[in-house]
Amino acid sequence: MKTVVITGASTGIGRAAAEHLAGQGWSVFAGVRKHSDGEPLKQANSNITPIILDVAKPDQVKAAVQTVSKALDGKTLDGLVNNAGIANMGPLALQPMDEFEQHFEVNVFGLMRTTQAFLPLLGMDEARSGKKGRIVNITSVGGRLSAPFLGAYAATKHAVEAITDALRRELLIYGIDAIAIGPGSVKTPIWDKAEDMNKNQPYANSVWAKPIEQFADVMLKGGKEGLEPKVIGETIETALSDDSPKARYAPVPNKLTNWTIPKLLPKRMVDKAMAKRYGLEKKD
């Protein structure tokens, strides 16, 4: 039975990936922050073992590694899926620094902390038997294409893209792969949080109040019409199992308009399109 650790498995992409892989016969260690979040996962499939794992807490990461190591009994871990992450909207000019820093603490430092801790299990410990494992980092369209009001989130995802490429090249010496998956809009509970924030906007007295409202409406609509989380779960399975996996997967709805064209256009042209769409043109 193949084994995988998934962080941020309570809801959304992480939970969908845990349930999908467990359904395909994988033994899944599902990282959750509360015991109550683990119960539905255990009930969903007996192949899922919830583990308490807040990636921002070194003691929990260390304990999770010990739990998984004991279960592996000298064998290698087949996969680590770094999915845990946060996203809060706000203009960079006003977003509180502690909120900005928290994005990095979870999305970047937490990812690196977890990756370094599990690398011996993935095959850096040559005493372990079995095939070398793979790291799958969940990034985002925002990891390559920054949107207004998600600058903190996009900055962390740009960092994760770079980390993934560097890891993949450095870990060639061990035969451990590192793969990025950058989804577009996915139907997850993160959109409920965005809707709550839009109703209680902390930037209501700023010049960005109306543009944030327009941006949130577009994002909410995109989220509700986005990909099913199971699609990302299937992509994760491909990244973990394919004999010749891509270095990066981009499951994006309406890919031509949401990914391909914006990536090909000059940045200034994209600036103008976003300014018009979200009401960000300079007032005369």
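The values are calculated or read from the model by the stated rules, or taken from the named source; none is laboratory data. Predicted model only: the values in this text are computed from it and were never measured. Cβ placement follows ideal geometry from the backbone for every residue including glycine, while neighbour counts extend to all protein chains displayed.
Only residues that are within 22 Å of A9 (Cα to Cα) and surrounded by fewer than 13 Cβ atoms within 10 Å (Cβ to Cβ) were counted in segment 229-272, giving 0. Inside segment 19-40, residues that are over 15 Å from V186 (Cβ atoms) and in a helix (DSSP H, G or I) make up a count of 9.
Of the helices (runs of 4 or more DSSP H) lying entirely inside segment 223-284, those containing at least 1 residues that are over 30 Å from S27 (Cβ atoms) span 261-264, 267-278. The numbered conditions (1) among the β-branched types (V, I, T); (2) surrounded by fewer than 19 Cβ atoms within 10 Å (Cβ to Cβ); (3) at pLDDT below 95 are all true for V186 except (2). With respect to L119, is the statement that it is touching a residue at least 12 places away in the same chain (Cβ under 8 Å), under 14 Å from V4 (Cβ atoms) and surrounded by 14 or more Cβ atoms within 10 Å (Cβ to Cβ) true? So L119 does not fit the description; no.
Pairing residues of segment 231-256 that are modelled with pLDDT of 95 or more with residues that are of a type in the set (K, R), at Cβ distances under 6 Å and at least 6 apart in sequence or on separate chains, gives L240/R134. What are the residues in segment 135-149 that are under 10 Å from the mean Cα position of the chain (by Cα) and among the β-branched types (V, I, T), if any? Scanning segment 135-149 gives V136, I138, T139. Checked across segment 85-102, the condition of being among the polar types (S, T, N, Q), touching a strand residue (DSSP E or B) at 6+ places or on another chain (Cβ under 9 Å) and within 18 Å of A180 (Cα to Cα) holds for no residue.
Might you let me know whether segment 210-221 holds any residue that is modelled with pLDDT of 90 or more, more than 22 Å from T139 (Cα to Cα), of a type in the set (K, R) and more than 18 Å from the chain's Cα centre (by Cα)? Within segment 210-221, one or more residues are modelled with pLDDT of 90 or more, more than 22 Å from T139 (Cα to Cα), of a type in the set (K, R) and more than 18 Å from the chain's Cα centre (by Cα).
Listed conditions (1) touching a residue at least 24 places away in the same chain (Cβ under 8 Å); (2) surrounded by fewer than 16 Cβ atoms within 10 Å (Cβ to Cβ) are all met by Q95, apart from (2).
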